[in-house]
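Report on the structure given below.
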Amino acid sequence: MYRAFRRKIIIMTLFISFVPLALLGYTLYYGFAKAYHQRIEQQINSRLRACAQTLDIFLEERLVILAAIANMSTPEYFQDILHLQSLFQNINQKTGGGLIDLGVINSAGEHLAYIGPYNLKGINYSKEAWFDQVMVKGLYISDVYMGYRKIPHFIIAVRANRNGVNWILRATIDLDVFTRIVSTAQMGNTGDAFIISRDGIYQSPSRFKKDNILTNSGIDTSMFGANITVIRKGEGPDKNRIYNGLWIKEGQWLLVVSQNPDENILSFSDMVAEQITLFLIALFGIVITTVITTSISVNTLQERDKEVAELNAHLIQTDKLAALGKMAAGVAHEINNPLGIISTKAGWMRDLLDEEEFKESPNFKEFQECLDKIEEHVQRAGKITHNMLGFARSMEPVMESVDINSLLTKTTEFLNHHAQINNIAIKTDYDKALPEINSDRSQLQQVFLNILNNAIDSITNKGDVIITTRREHDSRNDCDKIVIDIKDTGSGIPEHIKNRIFDPFFTTKEKEKGTGLGLSISYRIIEKLGGTISVKSEKDKGSVFTITLPICI
């Protein structure tokens, strides 16, 4: 399609005069620019929605946690600094961080207890605007302000009532963590993302104005409606910059993503000047110029279409995974309920077997074996639902004693048939003296399956997959570690893509055969378990994936 398009443009250009050629170039350029701008705007809107949803979830999650804790406890309990510190650490651990400090304030505004980097205990907040808002509304997320810290920050506070006495649990949000979430909406070298209040005041820094927080953005927020709104507010060389805005925090903050859509588009004036110069030199010059410029335009269009198609494919794949994750979570939840009932009834039946009349039954042993089978399969089904929930959300590792050699043996049993029919031999060289380690059995098995499947797929016609294990000392952590090498005699990994194999959605397989998530998920699992994963490979000489796992935790 693109080759035919290029040919038609060249033929038409060569048979018309300079003026029609200039008009044609002008039309082609601005037609492409308009389509490109529309695609850029669609991409910005997609990122804007995703970032706004993430920010709302970030704030709502911490607000709900604080409210739940405040209503289940008393201010006296949290005046014990050990209790308050434990709560602070648990919240940051469970939510992935985001809190700078935590404090308990009574109804008179006195700071009764505080954990954090500032000396704020004993300060009276009764005159602060946020204090009145919390006492009236019960739940409150402030705008960014300076306060006693003299640095920009904002707080989440909840009011609780215990025995008729009101008190406040207040947390300060780490603005750096919040800003990093906002920055995920940026695109390219000219993209920017920031938050402003209804008065147009910066609540997070602009990418190009690091010290602008709490200054006026100059943006009229009344121009932005309830849904995504796009405006153009640039001047001079940045006159085409677009601003996409979406309200968050129940309409109190405006998330703005801006972009110069001309970032990657060639200058039309430069293109015209080059064509005129070459045309005046000679007819041959204009022929060459026509061919070159047409090829550049078509190739650029082709590359942009390819990039947009890949991005859309990634977004569709992400939506599919999200939908599948929700379905998995629902199915797992529905299965867990009958599993609980089965387990309870099995326990009741085991209690009945302890009675004398059942012990004398000739079928007593058979009854016990049946109950053992029921409980065994309930546990197996429970692990399956646990894995389904792990797909639906990022679950913490379930630590248990794991024999790496035994786990690798069981894993290879799943793949032996597939390997044999492809003339592939799976060979092992295990260190039999390896100790058991404390890790997550199911997640490790998922990693081994991913890497072994890739090793088998990389061998096109007869070969070997060799698995070795050994124990080594890690001088950096002064701790021993288990090293697993999975080597194949396949096609290897080209040098120019070796650094990208752990990126999400990157795959060298056909679309129907791979999603590009296997190695990315494996990398995150091993990292969460305290280990490392690396690869050495040469084109046409095979690859070696090396996994290390700590023995001492």
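No lab work stands behind these numbers, since they all come straight from the coordinates. Model, not experiment: these values are computed from the prediction. Ideal geometry is used to build each Cβ from the backbone, glycine not excepted, and the neighbour counts take in all protein chains shown.
Listed values for region 134-150 are Karplus-derived 3J(HN,Hα) couplings in whole Hz (6.51 cos²θ - 1.76 cosθ + 1.60, θ = phi - 60°), namely 5, 5, 7, 8, x, 10, 8, 10, 7, 6, 6, 8, 8, x, 5, 6, 6, and x replaces Gly and Pro.
Just want the ordering: Ile69, Ile195, from fewest to most Cβ atoms lying within 10 Å of their own Cβ.
Least crowded to most crowded, the residues run Ile69, Ile195.
Length gained on full extension, Ser107 to Ile296: 61.1 nm, using 0.36 nm per residue less the C-alpha separation.
Here the extension length gained between Glu369 and Ile342 equals 8.1 nm, from 0.36 nm per residue of separation less the Cα-Cα distance. For region 400-550, averaging the sequence separation of C-alpha pairs within contact (under 8 Å, six or more residues apart) and dividing by the residue count gives a relative contact order of 23 percent. Across the cross-link table entries Lys498/Lys539; Lys487/Lys541; Lys462/Lys541; Lys34/Lys306; Lys427/Lys528; Lys481/Lys528, which are compared at the Cα atoms, the separations over 21 Å belong to Lys427/Lys528. The Cα trace of region 1-265 gives Rg and Dmax of 25.1, 92 Å, the first to one decimal, the second as a whole number. With a cut-off of 15 Å on the backbone N, the residues of region 87-111 near the modelled label site 7 Å out from Asn163 along Cα-Cβ are 107. Amide H to amide H distances under 5 Å link Tyr125 with Glu110, His111, where only residues 5 or more positions off or on other chains count and H is placed in the peptide plane. For Ile551, the amide hydrogen comes within under 5 Å of the amide hydrogens of Asp480, Lys481, Ile482, counting only partners 5 or more places away or on other chains and with H modelled in the peptide plane. Distant-in-sequence amide contacts of Tyr140, defined by a placed amide H-H separation under 5 Å and a gap of 5 or more residues or a different chain, comprise Ala157.
Residue-wise HN-Hα couplings along region 287-297, as the Karplus relation 6.51 cos²θ - 1.76 cosθ + 1.60 with θ = phi - 60° gives them from phi, are 5, 4, 4, 4, 4, 5, 5, 5, 4, 4, 4 Hz; Gly and Pro carry x. Taking 0.36 nm per residue of separation and subtracting the Cα-Cα distance, full extension of the segment from Val544 to Glu307 would add 82.2 nm.
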